1. Can you pull out the residues in the range 67-83 that are within 14 Å of ligand 1 (Cβ to nearest atom) and not aliphatic (A, V, I, L, M)?
2. Those residues that are of a type in the set (S, T, N, Q) and either within 16 Å of ligand 2 (Cβ to nearest atom) or over 16 Å from Leu36 (Cα atoms) (or both), I need them from the range 71-103; list them, please.
3. Here is a check on your reading of the model: is Pro125 surrounded by fewer than 19 Cβ atoms within 10 Å (Cβ to Cβ), assigned to a helix (DSSP H, G or I) and of a type outside the set (A, V, I, L, M, F, W, C)?
4. Going by the conditions given, is Ile64 within 14 Å of ligand 1 (Cβ to nearest atom), in contact (Cβ under 8 Å) with a residue 12 or more places away in the chain and surrounded by 23 or more Cβ atoms within 10 Å (Cβ to Cβ)?
5. Only one of Ala101, Ala154, Ala74, Ala92 is assigned to a loop (DSSP other than H, G, I, E, B) and open to solvent by less than 60 Å² (accessible area, probe 1.4 Å). Can you tell me which?
6. Please verify whether the range 170-187 includes one or more residues that are within 16 Å of ligand 1 (Cβ to nearest atom), touching a helix residue (DSSP H, G or I) at 6+ places or on another chain (Cβ under 8 Å), open to solvent by less than 20 Å² (accessible area, probe 1.4 Å) and touching a residue at least 24 places away in the same chain (Cβ under 8 Å).
Amino acid sequence: MKKQLYVLQDILGTNQKIAREIKAACEDKGVLVLNLMSSPGAGKTALLEKLAERLKNRYKIAVIEGDIETERDAERIRAKGVPAWQITTGGACHLEAKMIARILPLVEADIDFLFIENVGNLVCPASYELGERIRVVLLSTPEGDDKPKKYPKAFSTADVLVLSKADLLPYLPFDLERAKKEALDLNPRLRIFVLSALTGEGLDDFIDFLVDARSALSPADA
Ligand code: MG
Ligand code: ZN
């Protein structure tokens, strides 16, 4: 048992070292890296499609997609005219920094935003930094407002909470204030956005936040 614990600590330590190198290299170049985490079907790819549409004329963006199988999400992003790389983990339920490190040399160096969509899973992705400056956790309204305290690490390690599929709120027993309160109890510094990728409501505020975060990274050429 003890030996297993040491092995896990070693894996996480190595991952963190690679992640810190990615973070430093990207921030030096003025690239804002975001890691999007959620359970499957919370709307990560739908949000990225909307962000691609809205940001691509003003900024250079790139997307790395993580899934267990298929190229589907990368194809959806490419259809928006944005370069996307698909990582298929072949069964692994989270991305690791070394996977991102293998893709980075293929990504143009002068991009403004690099979005990493993690494998749909609210559990172990939270333990693996990928070099992100901003960690975004999505919780969609059909999943229920009680999830933050059931999956605390995803919410306590995130910088931003996106409550997605807000267009469904009139039809669901989802208590927005409860979800916010649970998340803030775990993590008082969370920035919270309520939005719908489908209708576009709430998207402007989130985009303003992203643009400001990018500017804070490299004020000189913002
Ligand atoms: Mg997806
Ligand atoms: Zn995993």
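The values are calculated or read from the model by the stated rules, or taken from the named source; none is laboratory data. Quick caveat, the model's predicted, so the values are computed rather than measured. Neighbour counts are summed over all protein chains in view; Cβ atoms, including those assigned to glycine, are modelled from backbone coordinates with ideal geometry. Heads up: the accessible areas ignore ligands, DNA and RNA and are worked out on the full protein's heavy atoms, side chains in. Shrake-Rupley method; radii C 1.70, N 1.55, O 1.52, S 1.80 Å.
1. Within the range 67-83, Asp67, Glu69, Thr70, Glu71, Arg72, Asp73, Glu75, Arg76, Arg78, Lys80 meet the criteria.
2. Answer for the range 71-103, where residues must be of a type in the set (S, T, N, Q) and either within 16 Å of ligand 2 (Cβ to nearest atom) or over 16 Å from Leu36 (Cα atoms) (or both): Thr88, Thr89.
3. For Pro125, the condition - surrounded by fewer than 19 Cβ atoms within 10 Å (Cβ to Cβ), assigned to a helix (DSSP H, G or I) and of a type outside the set (A, V, I, L, M, F, W, C) - is not met.
4. yes
5. Ala92
6. So far as the range 170-187 goes, no, none of its residues is within 16 Å of ligand 1 (Cβ to nearest atom), touching a helix residue (DSSP H, G or I) at 6+ places or on another chain (Cβ under 8 Å), open to solvent by less than 20 Å² (accessible area, probe 1.4 Å) and touching a residue at least 24 places away in the same chain (Cβ under 8 Å).
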